[in-house]
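Student: Encoded as structure tokens, here's the structure I'll be asking about.
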Ligand SMILES: [Zn+2]
């Protein structure tokens, strides 16, 4: 194995530690310190990926997170990670990576046919073309040929961590500005967090050849880090990206693990102050065929050359509109590689640069631009013309280093809603108004020149320290030597807008032609332009292209770039793994399981549990009994003998105080004032819009002591609501609300033999119908336990709700089963309960009602009308819409064929042929097979339902159509005789 | 994510609180006396200003108390948080 493009010496790779890795099935060698891009470049690999839309070959364009071209997937199986940017993938032993676009392979991609027929595929093409018969019918085909990467199908096997932390100063970026600020603030005694997204601290000091205090700048970086690490309250994090700044400066970080048992760690930081030292990103240049492999940012060439000892090409041409690219010429010269030509679109360059170029013998073409490039798998030559389009000539090359100026990394500032302004000199967007507690220095602030940048950071850090109560003298920054004098001046783009195939977004394959079409179709606002062309909407978010694209938009619409503006940067700065956001809150840790107090006994009874917020028995199969058989047996047992149901999750809200009755009377549509002590009333609660929000029973234990049994799922909501009314509207009411749901277990004994069973347990409560009639409550002891016994029925049978202390739940349930054995008792679960209540037409709020249901809609309108006092929601019941005819109202349905199954969700259709698409007249809200009646029954809402009893309707139930008859919503014992036993 | 001062417990994270919307006038004492339009005004119409807004929050995972917060809707800057001692007067029916 040899690496044809690796230099013999130099760089910070460790040549004693070779690393073997695979890319697209071939084995390569790199070294410790390499990343995937540098190692592949060293091995002479040209094509990293195929482009998004045209499937054109793409190389590597940058050396950082801004990479738009070299997108690969790493790993295999469940650990595969799609859409990695090759320069951000550290090289590790055994790494497996693959190009993720290209079919059948990245080297020979059939999709290239799209490129040869590109005229047929303009911007907005999908939206315009694939409309017939529907987008859905084309979607599969399109997703196969476009798009980035394949999503994973298996659960993520990796582990993710999360950290929450406070600090005084969060510094984003550890280039010279960040390091200098961290050192200064750290010395002032601030709790500093220094965050660096790359593998190493130092930013540009890792790949530019500066001298600081007379030493190579990498040595200065080491010194500073040593000092920072010695400071206790300072935290330094590398491989960590600041992904977003949110309200009140809450900042999120994504840290990538290395030799850790977690893959990534998601930090939520609450800093008092944020200092952005995030640097700047070099921009590409727009010219025809500017997307070929071998075209690379000039700074990336220095990066690979100086840090990784990789020579990214042998015949180099440099094209630029600013001074910074000249450093690439000088750095290449140091490695004895002469640049063939420098193409500068400006009229003149400085004397100093002219002199240095002359010393090297490098050709300089000013007032020139690139007319086009040639080459298939890699650039082969460039054609050059002057700014007026007059042909100058061609140059052979295999590397074209480009620089289109620098865009400060102001993304995070924009997250925090700082504003930007367009700077004519540097042709870029610079920070304008800063939010409170955010500062920005260095290249991110448009500051050029290392010396000035270090001084600026010292000043900023001292100011922050002062503001946070730790004033200090300004220390002296290091002395800078051997840096080229940078001018911020960038020549505005000089575009030949007649050439369509100039890429303005490499990642999303958007060309100047697409931009021109967008403008022609009127998408000239920068936000519309972005969405129509999809520019800047790929994984790289246009980090190396947006600036030029917006300048191009200006050129196409005759507006200066400052007037065009820029799109809004939003979090995250780079993609964030969903697993990192979820952290440990997955699987069993997603939410705590709530167990019933008698869970152990249910388990012994072979209950099948289901999560209803609580782990509740769904049914109790005997031996090999099917679920269906078990459920039907349980229903029949309740109807004919006695069943026991664990109703412990039901709300047990105690409402106490002299004004408790007045308070509840305002919440219920029912008359609570008239409810005597020891009695119970079924009631509905509405919101102020008149919509039913809960049903349940209201038990008056004493004159000033109520127990509200709200639906189990609504308990915390109802308690919060009661508190809100008491605190915000009626503080004068002397009422205390306490949720005691988990203090009491609650068991329902239901069925004709319920009284016998309860008596057999031993109780001092008189259970005789006269002493404890339906809808009455009594307190006393059962089995010697403190107990509240309420005659309430959710099944239509004689029924006792027995509340005992939760700690006694297991003993009590076991005793009930023993006491009831002689009466044929069986435990029943939620499924049987739902059938029992459907047979009786008892409402299930949330199933049989929705966000529009009023009392009238469910047959309780008369209660509301009979109440003369105001209650929550009353006024809204008298609004026109709530009184209108044709409202969806609750009715019962019977299938004409009793054996025909019907399901909740089926639609009752109007219209001649009664098949969709058709207007719906209502829908089925609950449905079951009733073993009691031996037929299928359902509850439904139907327009003016109660007026239509007896009508035959068609229900559209999945793919089936069949007829049903409208009946009253009570199927069993409509006279309620069984309740009165 | 905001950092909110509960007037009873002090500075806490937003996750401990629940938002209760813009402070509104108290519930009309006799809703039946209101026209549909007036009732709709009480139910649905709010100022929604750009700038300082009085709003209600409840420290639901803390002391459970409702309180008033003044927030700048542009910057999220929190100006004042205070207990609900002085509830606004009953809903007034406007003339227009
Ligand atoms: Zn509190």
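Bear in mind that the values in this text are calculations on the coordinates, not laboratory data. What you see is a predicted model, and the numbers here were worked out from it, not measured in a lab. As a convention, Cβ positions derive from the backbone with ideal geometry for all residues, glycine included, and neighbour counts pool all protein chains shown.
Student: State the extension gain, in nm to one decimal, for the chain segment bounded by residue A:436 and residue A:246, taking 0.36 nm per residue of separation less the distance between their alpha-carbons.
Tutor: On the way: separation 190, 0.36 × 190 = 68.40 nm, distance 1.28 nm.
That works out to 67.1 nm of additional length.
Student: Hey, what angle do you get for helix A:809-821 against the long axis of chain A, alpha-carbon based, 0 to 90 degrees rounded to 10?
Tutor: 40 degrees
Student: Moving to a separate point now. How far apart, in nanometres, would the label points at residue A:767 and residue A:359 be if each is projected 7 angstrom from Cα along the Cα-to-Cβ direction?
Tutor: If labels sit at residue A:767 and residue A:359, their model points lie 10.6 nm apart.
Student: Between residue A:603 and residue A:636, how high is the FRET efficiency from 1/(1 + (r/R0)^6) when r is the Cβ-Cβ distance and R₀ = 30 Å? Nearest 0.05. Provide the component values of the computation, followed by the final result.
Tutor: Numbers: r = 24 Å, r/R0 = 0.80.
Calculated value: 0.80.
Student: If you split all Cα-Cα distances of the stretch A:653-739 into 10 Å bins from zero, what percentages do you get per bin, shortest first?
Tutor: 18, 58, 24, 0
Student: Nearest 10 degrees is fine. How inclined is helix A:351-360 to the longest principal axis of chain A, computing both from alpha carbons?
Tutor: Taking the Cα atoms of chain A, the angle to A:351-360 is about 70 degrees.
Student: For A:470, A:888, B:79, what's the fewest-to-most ordering of other Cβ within 10 Å of each Cβ?
Tutor: Details: A:470 15, A:888 22, B:79 11.
Going from sparsest to densest Cβ surroundings: B:79, A:470, A:888.
Student: What FRET efficiency do you get for residue A:705 and residue A:261 if R0 is 60 Å and r is their Cβ-Cβ distance, rounded to the nearest 0.05? Intermediate values should be presented prior to the final figure.
Tutor: Numbers: r = 55 Å, r/R0 = 0.92.
Result of the calculation: an efficiency of 0.65.
Student: Between residue A:219 and residue A:742, with labels modelled 7 Å along Cα→Cβ, what's the label distance in nm to one decimal, could you check?
Tutor: 6.4 nm
Student: Mind sorting A:693, A:235, A:952, A:165 by how few other Cβ atoms lie within 10 Å of their own Cβ, fewest first?
Tutor: Numbers: A:693 22, A:235 18, A:952 9, A:165 15.
Neighbour counts put them in this order, fewest first: A:952, A:165, A:235, A:693.
Student: Give the Cα extents of the protein assembly as shown along the principal axes, in whole Å, largest first.
Tutor: The principal-axis extents, from largest down, are 115, 69, 67 Å.
Student: Note the angle between two axes, namely the Cα long axis of helix A:715-728 and the longest principal axis of the Cα atoms of chain A, as a number of degrees from 0 to 90, rounded to the nearest 10.
Tutor: 80 degrees
Student: On to the next question. Can you give the % of DSSP beta bridges in the stretch A:329-398 that are antiparallel, to the nearest 5?
Tutor: Values: 11 of 14 bridges.
If I count the DSSP bridges inside the stretch A:329-398, around 80 percent turn out antiparallel.
Student: Evaluate E = 1/(1 + (r/R0)^6) for residue A:387 and residue B:35, where r is the Cβ-Cβ distance and R0 equals 56 Å; express this FRET efficiency to the nearest 0.05. Intermediate values should be presented prior to the final figure.
Tutor: Values: r = 72 Å, r/R0 = 1.28.
E(calc), rounded to 0.05, equals 0.20.
Student: Any chance you could check the Cα centroid distance between the stretch A:824-878 and the stretch A:430-448 for me, in angstrom?
Tutor: Each part reduced to its Cα centre gives a spacing of 60 Å.
Student: Full-extension gain between residue A:166 and residue A:862, please, as 0.36 nm times their residue separation minus the C-alpha to C-alpha distance. Don't skip to the end; give the middle numbers.
Tutor: Working: separation 696, 0.36 × 696 = 250.56 nm, distance 5.82 nm.
Extra length available between residue A:166 and residue A:862 comes to 244.7 nm.
Student: Next question, about the same structure. Determine the gain in length on full extension of the stretch residue A:27-residue A:498; use 0.36 nm per residue of separation and subtract their C-alpha separation, reporting nm with one decimal. Intermediate results must be reported in sequence, preceding the final value.
Tutor: On the way: separation 471, 0.36 × 471 = 169.56 nm, distance 4.42 nm.
Contour length minus Cα-Cα distance gives 165.1 nm.
Student: Treat the count of other C-beta atoms within 10 Å as a stand-in for reagent exposure and order A:853, A:716 from fewest to most. Walk me through the numbers on the way to the answer.
Tutor: Numbers: A:853 25, A:716 15.
Placing the least packed residue first, the sequence is A:716, A:853.
Student: Calculated from DSSP H runs of 4 or more alone, at -39500 (n - 2.57) each and per residue, what is the 222 nm mean residue ellipticity of chain A, nearest 500? Before the final figure, lay out each step's value.
Tutor: Working: 26 runs with 232 residues, N = 981.
Helix contribution divided over all residues of chain A: -6500 deg cm²/dmol.
Student: From the helices alone, meaning DSSP H stretches of at least four residues, give me the mean residue ellipticity at 222 nm for chain B, per-run term -39500 (n - 2.57), in deg cm²/dmol to the nearest 500.
Tutor: Details: 1 runs with 9 residues, N = 96.
Helix contribution divided over all residues of chain B: -2500 deg cm²/dmol.
Student: Whole percent per 10 Å bin, from 0 to the bin with the longest distance: what is P(r) over all C-alpha pairs of chain B?
Tutor: 15, 41, 29, 13, 1
Student: OK, next. Over what distance in Å are the Cα centres of the stretch A:538-552 and the stretch A:219-274 separated?
Tutor: One Cα centre to the other: 27 Å.
Student: Does the stretch A:284-404 classify as rounded, prolate or oblate by the C-alpha gyration tensor (a ≥ b ≥ c root eigenvalues; a/c under 1.5 gives rounded; else a/b over b/c gives prolate, otherwise oblate)?
Tutor: Details: a/c = 1.68, a/b = 1.07, b/c = 1.56.
Judged from the Cα gyration tensor, the stretch A:284-404 comes out oblate (a/c at least 1.5, b/c at or above a/b).
Student: Of the DSSP beta bridges with both residues in the protein assembly as shown, give the percent that are antiparallel, rounding to the nearest 5. Show your work: numbers first, answer last.
Tutor: Details: 154 of 200 bridges.
The antiparallel fraction comes to roughly 75 percent.
Student: Separation between the residue A:336 and residue A:977 pseudo-spin-labels, each 7 Å from Cα along Cα→Cβ, expressed in nm?
Tutor: Computed distance between label sites residue A:336 and residue A:977 equals 11.2 nm.
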